[in-house]
Amino acid sequence: MQTSDDPSSPHRPSFWGKLGGGSLSISLVVHAILLAAGVAWIFQVVPQKEPEFLPKGGGSPPGSRGVQGQMQQRKTAQSAPKSISLPRVVVNGLSAISLPASNASFQRVGDVGGDSLRSNLGDGGTGGSGWGPEGSVGSKNGSLDPGQLVFGIPDPDANSLVGTFYDTKLDTKGRDTGMTPEKLREVIKDFTTHGWNERSLESKYYKAPKALYQTRLYIPVMAADAAPTAFGCGPEVQPSRWIVLYRGTVVAPESGKFRFVGAGDDVLVVRFNGQNVFDHGFTQGTTALYVPGKTDFLAGRKEDRDLAKMVRGGAMKMPITFYQYDTTRNWNQSIGGLAVGAEFEVMAGRSYPLEILISEVPGGLFGAALLIEKSGASYSKASTGSPVLPLFRLDGTLPPATKADNAPPYDPNGSVWKRVDGKIRPGI
């Protein structure tokens, strides 16, 4: 029997075999194969690092060309015209100039021609007092455009009252105050019966970043959002529960006894020479009374002890006299028409502090008009029998006749009051 140790055996191992070379070769081959497979697997699962200037994120969508494709897309995007989403923009004091939100391509200012700019300005873009041609407040078809300057003009040097806008729904830091219509009526009552202290508004509520300058109050019915838009805070302020306060010192053009006549939707209160002399609208500001349904009582045609107690101490003297006109049908039906305020006396050339408060309570529509009547003067009569009175105004321009609702007729020949420099101390 032959063994592997037999020198005569035909399968005698070689020196390499004695060293175990066969097994080592097999092991080396197997490890080489495993190493090659591992390297190939690593290069498959580890992606190439993107250049630092490319955005980090998910992988390429199906069908994309990887990094090179992304770079080409980025170059194409950079070379193509950019489309900028523009927010609503309102020029201070010129609410007629507005750019509605859109995705239109941005146009450089230098590309805008003068004619294009003037067409955007509309009637409010003319010179003069800022009220448009001949003091326009109405459009050509008689409807009222919320973009017009009925809440005041942007000229601080005008012969005008200074107007300040407050949003009672927001505090001074822009947080919700939880204001309701009922609470606002009480806020206005407290303000107008405790000295008109403007600090009480400034310390609690959002104040518009700019002022407007009012020369007359003649606002036929219009959208209530026109007020915050006019004061430059339309995007931030919802069109309800706002207050506008106009203040200044005025000089009487003639001596005599006068009384204000007007109405506000919702609130219109006037303090003259430190006394509340007028208050009429859907809400009485000095009493918090909601007027609709109560005009028979206010006019003295019906008795109501509870209402009599509520209005005691208010600005209006009972019973109230109402003037009605064909163009104020809504006011006629809802609040009795335009109301006649308390009488006050002035001396020609003497100066007097004047404050006017207007407010919108629930939102929707707003309107206001303030005229003045001199005791003993003769005026023409409207078809309803009520006198056609002049507007209370501080400049010579006049708004044209308009078909808009609640725009009372007026006498264009009334005297013009003047504003003089002088500060009204809060709380006097």
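Mind listing the Cα extents of region 190-250 along all three principal axes, in Å, largest one first?
For region 190-250, the Cα spread along each principal axis is 30, 28, 20 Å.
Please say if region 224-376 is rounded, prolate or oblate, where rounded means a/c under 1.5 for a ≥ b ≥ c the square roots of the C-alpha gyration tensor eigenvalues, and otherwise the choice is prolate for a/b larger than b/c and oblate otherwise?
On the way: a/c = 1.71, a/b = 1.06, b/c = 1.62.
Oblate.
Using only alpha carbons, build the gyration tensor for region 343-428 and give me the equivalent ellipsoid semi-axes, biggest first, whole Å.
Working: eigenvalues 122, 88, 32 Å².
With the √(5λ) rule applied to region 343-428, the semi-axes are 25, 21, 13 Å.
Which order do peptides 220-228, 310-318 fall in by mean Cβ count within 10 Å, highest first?
On the way: 220-228: 22.9, 310-318: 16.3.
Those peptides, ordered most packed to least, come out 220-228, 310-318.
Could you work out the local net charge near Val346, counting Lys and Arg as +1, Asp and Glu as -1, over the other residues with Cβ closer than 14 Å to its Cβ? Mind dumping the intermediate values first?
Details: positive: Lys257, Arg259, Arg350, Lys374, Lys418; negative: Glu254, Glu343, Glu345, Glu373.
Spelling it out: positives minus negatives among the neighbours equals +1.
Net charge near Leu307: determine it from the other residues with C-beta under 13 Å of the C-beta of Leu307, scoring Lys and Arg +1 and Asp and Glu -1.
Details: positive: Lys294, Arg301, Lys302, Arg305, Lys309, Arg312; negative: Asp296, Glu303, Asp304, Asp306.
Neighbour charge sum, excluding Leu307 itself: +2.
FRET efficiency for Lys257 and Asp190, Cβ-Cβ distance as r, R0 = 35 Å, nearest 0.05? Write down the numbers at each step before the final one.
Working: r = 30 Å, r/R0 = 0.86.
With a Förster radius of 35 Å, E is 0.70.
For region 138-281, restrict the atom set to alpha-carbon positions and state the Rg and Dmax in Å.
Computed over the Cα atoms of region 138-281, radius of gyration and Dmax are 15.6, 48 Å.
Restricting to Cα pairs below 8 Å that are 6+ residues apart, what does the relative contact order work out to for region 180-339? Please round to a whole percent. The partial results should precede the final answer.
Values: 177 pairs, mean separation 28.9, N = 160.
Relative CO of region 180-339 lands at 18 percent.
Which value results when the Cα radius of gyration for region 233-297 is divided by 2.2 N^0.38 Å?
Working: Rg = 14.9 Å, N = 65, 2.2 N^0.38 = 10.7 Å.
Rg over 2.2 N^0.38 Å, computed on Cα atoms: 1.39.
Quick check: net charge around Val388, other residues with Cβ under 9 Å of its Cβ, Lys/Arg +1 and Asp/Glu -1?
Details: positive: Lys381; negative: Asp411.
Combined, the nearby Lys, Arg, Asp and Glu give 0.
Looking at this model, which pairs from Lys302/Lys374; Lys257/Lys317; Lys183/Lys309; Lys294/Lys381 are more than 24 angstrom apart at the alpha-carbon?
Values: Lys302/Lys374 29 Å; Lys257/Lys317 16 Å; Lys183/Lys309 20 Å; Lys294/Lys381 27 Å.
Too far apart for the 24 Å limit: Lys302/Lys374; Lys294/Lys381.
Read-outs: derived from the displayed coordinates by stated rules, not from any lab. Since the model is a prediction, treat every value here as computed from it, not as a measurement. Here Cβ is always computed from backbone atoms with ideal geometry, including for glycine, and neighbour counts include all displayed protein chains.
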